[in-house]
1. Where residues in segment 121-141 are of a type in the set (A, V, I, L, M, F, W, C) and over 22 Å from LEU194 (Cα atoms), which of them is modelled with the lowest pLDDT?
2. Inspect segment 235-247 for any residue being surrounded by 17 or more Cβ atoms within 10 Å (Cβ to Cβ) and not in a helix (DSSP H, G or I) and give the result as yes or no.
3. Hey, can you tell me all the residues within segment 194-224 that are under 29 Å from ALA48 (Cα atoms), surrounded by fewer than 17 Cβ atoms within 10 Å (Cβ to Cβ) and aliphatic (A, V, I, L, M)?
4. Hey, among ARG69, ARG98, which residue is within 18 Å of GLY148 (Cα to Cα), in contact (Cβ under 8 Å) with a residue 24 or more places away in the chain and among the charged types (D, E, K, R)?
5. (1) farther than 21 Å from CYS94 by Cβ; (2) part of a loop (DSSP other than H, G, I, E, B); (3) of a type in the set (Gly, Ala, Ser): which one isn't true of SER7, the others all being true?
6. Being open to solvent by less than 60 Å² (accessible area, probe 1.4 Å), over 27 Å from LEU2 (Cβ atoms) and out of contact with any Gly (no Cβ under 8 Å at 6 or more places or on another chain) is true for just one of LEU119, LEU104, LEU114, LEU128. Which residue is that?
7. Could you check how many residues of segment 194-228 are part of a helix (DSSP H, G or I) and touching a Phe, Trp or Tyr at 6+ places or on another chain (Cβ under 6 Å)?
8. Which of (1) open to solvent by less than 30 Å² (accessible area, probe 1.4 Å); (2) modelled with pLDDT under 90; (3) more than 19 Å from the chain's Cα centre (by Cα) is the odd one out, the single condition GLN172 does not satisfy?
Amino acid sequence: MLLTLASGALFFPGLFALSIWALHRLRPGWTEDDCLTVGTRLVSSVQAVLATWAGLTVIISCKNVVSDRHWLATEYVWFLIPYMIYDFYAMYCCERCRTKSQKLTRTTIIRNFLIENRLMVTHHTVILLFLVPISQKLRGDLGDFFVGCIFTAELSTPFVSLARIMIQLKQQHTLLYKVNGILTVTTFLFCRILLFPFMYWSYGQQKGLSLLQVPFNIPLHCNMANAILISPQLYWFSLLCKKAARLFDTAKAKKDG
């Protein structure tokens, strides 16, 4: 545990610093804000790829979705904790850089950061204070398969990150941005929304239950936890769909015009 925590604490800040240094060298014309934004998104994408790999490994290895164990289901959570803490700091650095010209006090910057990023801050806080204790202690020796499923929700993150990078660099007009938008919505739908019915279906297959029977044959707190997890995903997915609709409506209007 301690070795994994230390590894994450060194890996993510180190990768962030290396990314900023490389971007300054490779793109001398970029502003500090550009480098920070791109560097933050690159680190997020690396973490997402690692989490997805860990999740798929656990899923494939666990034939019994309830009782089978895999070491990555617990060890990757310890590796993820430093990332969450690092990400708080990285987002704050981006906010501080963005408002640097306004000469705001540190207290004002922190307040603006918490307001502007309230959903992400809440997301990270809930993971650290509630989901980590549940996944590492309270669930006991059960459910590694489902922890692996949750890891794979990160598959959509590289596409979300690429979209943010392209917006920062004012590349919204390109074909790549539109293709990436389709991939973002698709991966988000499958890995963050349909993931939950898949977990219920997998449990039903193990226990000889239909998908609709599963919610009535598992503990109430499991249903409540899944409801809490999927709620922000549904909100974010609605925002993605609205954004995608505006993007293609604008493109159609330009073509018609």
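1. Ranking the qualifying residues of segment 121-141, first place goes to LEU138.
2. No, that holds for no residue.
3. LEU194, LEU211, MET224
4. One residue alone meets the criteria, ARG69.
5. Every condition holds for SER7 apart from (2).
6. Sole residue among the options that is open to solvent by less than 60 Å² (accessible area, probe 1.4 Å), over 27 Å from LEU2 (Cβ atoms) and out of contact with any Gly (no Cβ under 8 Å at 6 or more places or on another chain): LEU104.
7. The total comes to 3.
8. Failing condition for GLN172: (1).
The values are calculated or read from the model by the stated rules, or taken from the named source; none is laboratory data. Quantities reported herein were computed from a predicted structural model and do not represent experimental measurements. FYI the Cβ positions are ideal-geometry reconstructions off the backbone, even for glycines, and counts take in every protein chain you see. Each accessible area value is taken on the protein alone, full model and side chains, heavy atoms only, with ligands, DNA and RNA left out. Shrake-Rupley method; radii C 1.70, N 1.55, O 1.52, S 1.80 Å.
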